[in-house]
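Shown next, in structure tokens, is the structure this report addresses.
The values are calculated or read from the model by the stated rules, or taken from the named source; none is laboratory data. Here the structure is a predicted model, which is why all the values come from computation and not from measurement. Every residue, glycine among them, receives a Cβ derived from its backbone with ideal geometry; neighbour counts consider all protein chains shown. Ligands, DNA and RNA are excluded from the accessible area calculation, which covers all protein heavy atoms including side chains. Shrake-Rupley method; radii C 1.70, N 1.55, O 1.52, S 1.80 Å.
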Amino acid sequence: MKEKKYNVAVVGATGLVGRTMLSILEECNFPVDKVYALASSRSVGKCIPFKNNGLIVSDLETFDFGLAEIGLFSPGASVSAIYAPKAVDAGCVVIDNTSQFRYEDDIPLVVSEVNPHAVGNYKKRGIIANPNCSTIQMLVALKPIYDAVGIERINVCTYQAVSGTGKEAVEELTRQSTDFINAKDIKNHVYPKQIAFNVIPHIDAFQDNGYTKEEMKMVWETKKIFEDESILVNPTAVRVPVFYGHSEAVHIETKEKIDARTVRKLLEEIPRVTVLDSHEDGGYPTAVSEAEGKNPVFVGRIREDISHPRGLNMWVVSDNLRKGAALNSIQIAEILVKSYI
Ligand code: 3JN
């Protein structure tokens, strides 16, 4: 029997996540037929890389979503708010990479290794939400431990690459770095403080409780994805002068004691996790040397917490544009086509 193929619309195709979606669609075995690259009128007519001839960008505003069975959305929350429901009305299933729908009860929020079963709940609204990049890589690494012994509390500090903010931030880090080296004045446009050769403890908007929205996303999303309102999450989200790949120092308190060797073995069995954890110089993953441009979630520095009887520490690194965004969206689409549409 001939394999069914799907027409896919990539919304926000000119952004960093949109371009990564296209490059993963090129390299993976997803059964695509036609691919539509959509963006705002500003980008209409641009050619973006895809297979041999590239794709010409079409106007999101006038696109007939009846032409696509699946919409991979990453255009920003306010744009998804308008166009995702329009796409659904035209018969397209939307996988949305923004925060617009993530916290709505009747919209599934899915990490493909953690709660793939939740994809089935897409039918009511026609939308599946893709979590925030920092949540995704953390939960991929924690899921086997959660299943084995339970997790009471997570303390996490993130070290997030500028590509999480977008193209302008990649340009800002590049420009500030050259200006710094050439002893020129440094100007901040994207971030409130200099990002080159600096570390900024602020991602997304401040909330009433003093946490930032990026931090609260990790709290809300962990509870929803693990389907566990009781799990405690205490995050600090930090921007670092790295182009691609988020890193996280994750400290957990488990419900039952588990030793570092057992955790290492559990994680080594997960196909999309790569454990790099030898106690020697360089025996751990980093964003630039391992994660950038790669698909796995890399885990290292696994060790028992010397200050807590059920504490465990680990270092989790992944490409924020891939597993943290585009790849997870396409893996959701794979589950969708395999079992539901
Ligand atoms: O800053 C990062 O590293 C991740 C940024 C994610 C982001 C940036 C702007 C808007 C999001 C997100 O996916 O949560 C959003 C949003 O959709 O709210």
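For this structure, a couple of remarks:
- Per residue, the solvent-accessible area of the range 265-327 (1.4 Å probe, heavy atoms of protein chains only, all protein chains present) comes to 49 Å².
- Taking amide H as placed 1.01 Å from N in the peptide plane, the amide H of GLU152 sits under 5 Å from that of GLU253, THR254, LYS255, each at least 5 places away or on another chain.
- Inter-site label distance for THR174 and HIS202 at 7 Å from Cα along Cβ, in nm: 2.6 nm
- log10 of Debye I(q)/I(0), alpha-carbon scatterers only, for the range 1-152 at 0.08, 0.12, 0.16, 0.17 Å⁻¹: -0.24, -0.53, -0.90, -1.00
- Phi angles across the range 266-281 convert, under the Karplus curve 6.51 cos²θ - 1.76 cosθ + 1.60 with θ = phi - 60°, into 3J(HN,Hα) values of 4, 5, 5, 7, 8, x, 9, 10, 10, 8, 10, 8, 10, 7, 8, 4 Hz, Gly and Pro given as x.
- The range 260-306: relative contact order in percent, alpha carbon pairs under 8 Å with at least 6 residues between: 40 percent
- The fraction of accessible area contributed by carbon and sulfur in the range 81-209 is 51 percent, rounded to a whole number (1.4 Å probe; ligands and nucleic acids excluded).
- Calculated accessible area for the range 91-242 comes out at 41 Å² per residue, all protein chains present (probe 1.4 Å; ligands, DNA, RNA ignored).
- For the chain, alpha-carbon Rg relative to the globular expectation (2.2 N^0.38 Å, N residues): 1.00
- Based on C-alpha pairs under 8 angstrom that are at least 6 apart in sequence, the range 4-85 has a relative contact order of 38 percent.
- Extension gain, ALA148 to ASP259: 0.36 nm times the residue separation minus the Cα-Cα distance gives 38.8 nm.
- By the helix-only formula, in which each DSSP H run with n ≥ 4 contributes -39500 (n - 2.57) and the sum is divided by residues, the chain has a 222 nm mean residue ellipticity of -8500 deg cm²/dmol.
- Taking amide H positions as modeled 1.01 Å from N, with prolines and chain starts lacking one, the residues under 5 Å from SER99 and 5 or more places away or on another chain are ALA77.
- Under a 5 Å amide H cut-off, with hydrogens placed 1.01 Å from N, VAL110 pairs with ALA129 among residues at least 5 apart or on other chains.
- Accessible surface of the range 1-64, 1.4 Å probe, proportion on carbon and sulfur as whole %: 46 percent
- Across the range 74-84, coupling constants 3J(HN,Hα) worked out from phi with the 6.51/-1.76/1.60 Karplus curve, θ = phi - 60°, read 8, x, x, 4, 5, 6, 4, 4, 7, 8, 5 Hz, and Gly and Pro carry x.
- Whole-number percent relative contact order across the range 23-170, with pairs defined as alpha carbons under 8 Å at least 6 apart: 14 percent
- Extension gain for the segment ASN209 to LYS193, taken as residue separation times 0.36 nm less the Cα-Cα distance, is 3.5 nm to one decimal.
- Nearest-20 debye value, the range 52-128 charge dipole, Cβ charges on Lys, Arg, Asp, Glu: 140 debye
- Between GLU26 and LYS51, the modelled labels are 1.2 nm apart [label points 7 Å from Cα along Cα→Cβ].
- In the range 64-142, Rg over Rh equals 0.97, where Rg is the alpha-carbon radius of gyration and Rh the Kirkwood radius from pairwise Cα distances.
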